[in-house]
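The values are calculated or read from the model by the stated rules, or taken from the named source; none is laboratory data. As the structure is a prediction and not an experimental result, all values here were calculated from the model. Cβ placement follows ideal geometry from the backbone for every residue including glycine, while neighbour counts extend to all protein chains displayed.
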């Protein structure tokens with residue numbers, strides 16, 4: 001006989017603590033995620049996002065609509081970009097999840113951009129957890145524009161149970177997402193990631209290619225991956241008058257990425273691959289919203305990933321403080 | 001034992017940063033780097049009132065924070081109403097600067113705007129004389 005508990009179970013309930021045969025009412029995944037984030041960050045985050053940041057908002061745009069692929073563009077010196085990335089997936093045989101990260105990207109120099117990420121995820125019927133942080137730096141060695149512009153990328157990450165899928169390397173696949181959070185969270189991954197980013201701008205098109213090498217510092221072999229993106233604004237010339245939905249406010253493109261095996265077996269065998277259209281829209285107040293459904297190309301991939309992001313850029317961020325001090 | 005690779009990574013990062021700092025040397029004479037062919041490029045939007053209006057919008061979005069809302073310059077960034085910008089520098093020169101930037105001096109590349117918007121903002125800047 002099925003026993004049923006009618007009270008909702010908290011988001012942080014351990015996934016192994018429920019008796020067999022007991023059915024429980026659990027909150028939806030988004031509700032669960034939002035509730036936990038609010039509980040953990042408190043009203044300070046609300047104040048920051050809702051009151052302080054909009055007062056600094058500056059109109060801006062022209063971000064490329066990529067989620068995984070890096071372009072050759074660097075952050076303008078002194079600008080701070082804050083972006084919230086999200087990915088929703090439902091791996092076959094597993095639970096739906098939403099992986100999120102918040103990114104702080106700052107232009108230190110015209111040739112040097114640094115970024116810091118905080119990652120988290122919520123898995124249906126499991127838990128909502130903070131999964132770690134990442135710190136990355138990008139260096140552009142050539143000061144001028146060329147047909148192909150290289151950028152060197154180095155990242156250190158300390159994560160566990162990460163589901164943000166900001167890159168796919170080695171033999172990453174849908175089976176990684178079947179491990180319960182309780183177990184996956186115990187497996188700390190401290191990794192060094194290197195990328196060679198190549199980007200070109202040609203007649204309004206941006207073409208970007210990334211070659212990825214990642215190594216778990218615990219001693220695993222180097223893993224490899226790639227990402228490729230191509231995009232273009234729907235209209236290149238700007239209109240004379242302000243508009244909300246005019247074509248130059250939209251950028252559309254295609255993104256493809258996947259693993260390339262590791263040093264023990266380089267190639268596409270047992271790797272996951274994704275391809276999908278992507279689009280972004282810059283609102284008149286400078287916020288950029290991006291959406292992309294990305295489809296797994298083989299049985300090793302999650303069938304569909306739904307990605308969305310919101311970003312603000314604060315131009316000359318620290319100059320605000322200088323001015324207020326005068 | 002993970003602390004040693006982490007320290008190695010940080011040290012490598014600092015070395016790379018230092019070596020790349022050479023690229024950030026100042027280049028106040030950017031005009032001398034502009035190829036003749038680029039200097040002579042004609043602005044396809046020249047004398048179009050709509051291009052000036054569109055260029056003003058682009059300028060306010062991307063340039064005003066450094067160069068000022070009225071392009072008079074700020075503490076560290078130059079005025080765009082100077083005689084050099086308005087008379088000495090050609091549209092082609094400005095196009096080359098906006099495409100390539102002058103990263104050592106803090107001027108980023110705006111190639112991501114695309115040629116039409118770059119020409120439009122040049123129309124606006126040149127209309128300020």
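Observations on the model:
- Test for residue B:77: is it surrounded by fewer than 20 Cβ atoms within 10 Å (Cβ to Cβ) and free of Cβ contacts under 8 Å to residues at least 40 places away in the same chain: yes
- Against the numbered list (1) within 30 Å of residue B:95 (Cα to Cα); (2) not in a loop (DSSP other than H, G, I, E, B), residue A:64 comes up short only at (2).
- Restricting attention to region A:231-251 and to residues that are crowded, with 17+ Cβ neighbours inside 10 Å and farther than 18 Å from residue B:48 by Cβ, the residue that is farthest from the other protein chains (Cβ to nearest Cβ) turns out to be A:250.
- Residue list for region A:147-165, filter: touching a helix residue (DSSP H, G or I) at 6+ places or on another chain (Cβ under 8 Å) and more than 9 Å from chain B (Cβ to nearest Cβ): A:160, A:161, A:163
- Residue tally, condition more than 25 Å from residue A:145 (Cα to Cα) and more than 10 Å from chain A (Cβ to nearest Cβ), over region B:35-70: 4
- Scanning region B:83-129 for residues that are more than 8 Å from every other protein chain (Cβ to nearest Cβ) and part of a loop (DSSP other than H, G, I, E, B) yields a total of 6.
- Residue count for region B:91-114, restricted to those that are over 16 Å from residue A:142 (Cα atoms) and out of contact with any helix residue (DSSP H, G or I) (no Cβ under 8 Å at 6 or more places or on another chain): 2
- Going through (1) within 14 Å of chain B (Cβ to nearest Cβ); (2) assigned to a strand (DSSP E or B) one by one, residue A:129 falls short only on (1).
- Single unsatisfied condition, residue A:218 versus (1) in contact (Cβ under 8 Å) with a residue 24 or more places away in the chain; (2) more than 9 Å from chain B (Cβ to nearest Cβ): (2)
- Considering only residues in region B:63-74 that are at pLDDT below 90 and crowded, with 19+ Cβ neighbours inside 10 Å, the one that is farthest from residue B:91 (Cα to Cα) turns out to be B:65.
- Residue in region A:114-125 that is at pLDDT 95 or above and within 11 Å of chain B (Cβ to nearest Cβ) present: yes
- Unique match (being within 14 Å of chain B (Cβ to nearest Cβ), in contact with a helix residue (DSSP H, G or I) (Cβ under 8 Å, 6 or more places away or on another chain), over 25 Å from residue A:269 (Cβ atoms) and in contact (Cβ under 8 Å) with a residue 60 or more places away in the chain) among A:140, A:190, A:144: A:140
- Residue B:74 falls short on exactly one of the conditions (1) in a loop (DSSP other than H, G, I, E, B); (2) away from chain A (no Cβ under 14 Å), and that condition is (2).
- Flag for residue A:267 being in contact (Cβ under 8 Å) with a residue 40 or more places away in the chain and touching a strand residue (DSSP E or B) at 6+ places or on another chain (Cβ under 9 Å): no
- The residues of region A:92-111 that are touching a helix residue (DSSP H, G or I) at 6+ places or on another chain (Cβ under 8 Å) and at pLDDT 95 or above, listed by number, are A:96, A:97, A:98, A:100.
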